[in-house]
Amino acid sequence: MAQVEATTERVVTADAEKVFDALADYSGTRERLLPEHFSEYEVREGGDGEGTLVHWKLQATSKRVRDCLMEVSEPTDGELVEKDRNSSMVTTWRVTPAGEGRSRVVVSTTWKGAGGIGGFFEKTFAPKGLARIYDAMLARLAAEVEK
């Protein structure tokens, strides 16, 4: 099984603390940021950053749906890590200052992909599909924090 990784980034016009707080607000803002690929969103524990347990279904393609139960941690300032209890998937959100009143948001997801020919196609196409999903989410984040 090969490691698969998808990374997307965006600079938003808002300070890093405001952007991070919006991302960490699983019981409020986060659900509004999700594009149509997400369904059955539910905060099961916590709701604000570290210690949150949140569920959703991610439909990356018409045939591929992941049932995700994410444990959230904050290992360093400006970083949220979502580890899926149901798979090897880990998503890391990093928010850093990018000049006066601007922030860089980088989202990176990794997981252990399938082997063989299926794994080849997964490693080739899944990162592009996930990048499109995260681009939409980052656009919604920008609209939310740049108000």
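If I filter region 9-29 for residues that are within 19 Å of T61 (Cβ to Cβ), touching an Asp or Glu at 6+ places or on another chain (Cβ under 9 Å), open to solvent by 20 Å² or more (accessible area, probe 1.4 Å) and at pLDDT 95 or above, do I get at least one hit? So that I can check it myself, show each step before the final result.
Kept after step one, since they are within 19 Å of T61 (Cβ to Cβ), are these residues of region 9-29: none.
No; the residues of region 9-29 include none that is within 19 Å of T61 (Cβ to Cβ), touching an Asp or Glu at 6+ places or on another chain (Cβ under 9 Å), open to solvent by 20 Å² or more (accessible area, probe 1.4 Å) and at pLDDT 95 or above.
Being in contact (Cβ under 8 Å) with a residue 40 or more places away in the chain and more than 17 Å from E36 (Cβ to Cβ) is the filter here, so list the residues in region 54-74 that pass it.
Going residue by residue through region 54-74, those that are in contact (Cβ under 8 Å) with a residue 40 or more places away in the chain are 58, 60-61, 72, 74.
Result: V72, E74.
Please state which one of T92, T96, T76, T52 is of a type in the set (S, T, Y), on the phi < 0 side of the Ramachandran plot, modelled with pLDDT of 95 or more and in contact with a Phe, Trp or Tyr (Cβ under 7 Å, 6 or more places away or on another chain). If you could, list the steps in order and put the result at the bottom.
Working: T92 fails: in contact with a Phe, Trp or Tyr (Cβ under 7 Å, 6 or more places away or on another chain); T96 fails: in contact with a Phe, Trp or Tyr (Cβ under 7 Å, 6 or more places away or on another chain); T76 fails: in contact with a Phe, Trp or Tyr (Cβ under 7 Å, 6 or more places away or on another chain).
One residue alone meets the criteria, T52.
Against the condition in a loop (DSSP other than H, G, I, E, B) and either open to solvent by 20 Å² or more (accessible area, probe 1.4 Å) or not aromatic (F, W, Y) (or both), how does S39 come out, does it pass?
no
If you go through region 68-77 one residue at a time, do you hit one that is closer than 20 Å to A142 by Cα and crowded, with 18+ Cβ neighbours inside 10 Å?
For region 68-77, residues closer than 20 Å to A142 by Cα and crowded, with 18+ Cβ neighbours inside 10 Å: absent.
The values are calculated or read from the model by the stated rules, or taken from the named source; none is laboratory data. Note that the structure is predicted; figures quoted are calculated from it, not measured. Glycine gets a Cβ as well: all are built from the backbone with ideal geometry, and neighbour counts include every protein chain shown. Just so you know, the surface numbers come from the protein's heavy atoms only, side chains and all, with ligands and any DNA or RNA stripped out. Shrake-Rupley method; radii C 1.70, N 1.55, O 1.52, S 1.80 Å.
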